[in-house]
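S.K.: Following this message is one structure expressed as structure tokens.
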Amino acid sequence: MAALKSYLGIEYKNLLCMDIVCHGVPSPKVFRDYIKYQSSKMKKPITNVDFRNKKSYGWAGHVETITTDGGRKKDSCLYTMLFYQHKILRPVCYVCPYKGLMHPGDLTIADYWGIDKALPGFSDNKGVSLVLVNTHKGNDVLELAKHQSTIEAIETDINKSMQPPLKEPFKEPANRDLFWADYQQNGFEYIAKKYAGKSWTWVVKYRIKKILMDLHLYKVTK
Ligand code: SF4
């Protein structure tokens with residue numbers, strides 16, 4: 001968004017810019033290798049990846065569900081675990097200049113992680129969106145949307161629920177170079193075992209969390 005604005009040089013009345021609260025972007029090579037790996041394990045081509053299976057695990061869960069040609073499904077947290085270790089992010093993401101409340105877009109959207117701290121009891125574990133209004137133009141569009149949809153304005157305090165990418169970039173992991181050296185020498189299956197060998201425990205953890213949330217015994221605190 002910042003690059004587009006810098007390229008255009010002037011403000012266009014009919015241009016509305018919306019950006020996201022960005023966690024960071026992972027290497028496409030790792031994703032391609034992950035798909036190949038799952039395909040070889042499941043002995044079929046992969047036709048679909050649902051990165052957050054909300055139906056089975058809720059919004060607070062982060063389980064990817066892979067579907068093969070033929071409709072077989074598998075739940076996994078392998079890619080999720082690699083992603084959250086931050087070793088597969090692009091180097092520029094560790095020094096990202098957009099990790100604050102102010103963004104270049106007219107509007108900024110995100111999942112509202114931390115909603116339970118700002119507005120206890122509001123989340124139903126199906127997903128709450130965060131919209132940050134950065135400009136008058138963004139505000140005008142949101143006002144318009146309010147009349148045409150079911151957006152509800154609720155008083156909340158963002159300072160109580162600042163998700164990490166609204167504060168600062170994620171630190172570059174100390175063993176990132178070792179990870180990539182391992183990857184180059186030994187391939188995906190090796191790093192999957194070495195760095196995410198226990199990813200199945202996350203699937204179990206998210207399953208239990210979902211049950212506790214359905215029973216109202218656990219709140220979304222992420
Ligand atoms: S540099 Fe920042 S905005 Fe760009 S992909 Fe990385 S985290 Fe996202």
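S.K.: For a quick check of your reading of the model, give me the residue pairs whose first member lies in segment 89-100 and is under 16 Å from D177 (Cβ atoms), whose second is near the ligand (Cβ under 7 Å from one of its atoms) and hydrophobic (A, V, I, L, M, F, W, C), with beta-carbon atoms closer than 6 Å and at least 6 apart or on different chains.
M.R.: R90/V25
S.K.: Shifting gears a bit: For K146, are the conditions met, namely being farther than 27 Å from G24 by Cα and at pLDDT below 95?
M.R.: Yes.
S.K.: Kindly list the number of the only condition in (1) assigned to a helix (DSSP H, G or I); (2) within 14 Å of the ligand (Cβ to nearest atom); (3) closer than 30 Å to K210 by Cα that fails for D33.
M.R.: (2)
S.K.: So which residues in segment 63-119 are more than 16 Å from the ligand (Cβ to nearest atom) and closer than 25 Å to I158 by Cβ?
M.R.: Listed by number, the residues that qualify are D106, Y112, G114, I115, D116, K117, A118, L119.
Yes/no matrix, rows are residues, columns are (1) touching a residue at least 24 places away in the same chain (Cβ under 8 Å); (2) not polar (S, T, N, Q):
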residue	(1), (2)
L119	yes, yes
T150	no, no
P173	yes, yes
L178	no, yes
G197	no, yes
R207	yes, yes
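S.K.: Something else about it: Of everything in segment 90-117, what is of a type in the set (A, V, I, L, M, F, W, C) and more than 17 Å from I151 (Cβ to Cβ)? Give them in sequence order.
M.R.: V92, C93, V95, C96, L101, M102, W113
So that you can scan it fast, the table gives a plain yes or no per residue for (1) of a type in the set (D, E, K, R); (2) farther than 18 Å from P164 by Cα; (3) assigned to a strand (DSSP E or B):
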{"site": "Y79", "(1), (2), (3)": "no, yes, no"}
{"site": "Y94", "(1), (2), (3)": "no, no, no"}
{"site": "P97", "(1), (2), (3)": "no, no, no"}
{"site": "L101", "(1), (2), (3)": "no, no, no"}
{"site": "I109", "(1), (2), (3)": "no, no, yes"}
{"site": "P120", "(1), (2), (3)": "no, yes, no"}
{"site": "D124", "(1), (2), (3)": "yes, yes, no"}
{"site": "L132", "(1), (2), (3)": "no, no, yes"}
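S.K.: While we're looking at this one, here's another question. Taking segment 134-154, which residues are β-branched (V, I, T) and not in a helix (DSSP H, G or I)?
M.R.: Result: T135, T150, I151, I154.
The values are calculated or read from the model by the stated rules, or taken from the named source; none is laboratory data. The shown structure was predicted, so the numbers you read here are calculated from the model rather than taken from an experiment. Counting neighbours? That spans all protein chains shown, and the Cβs are built from the backbone with ideal geometry, glycine included.
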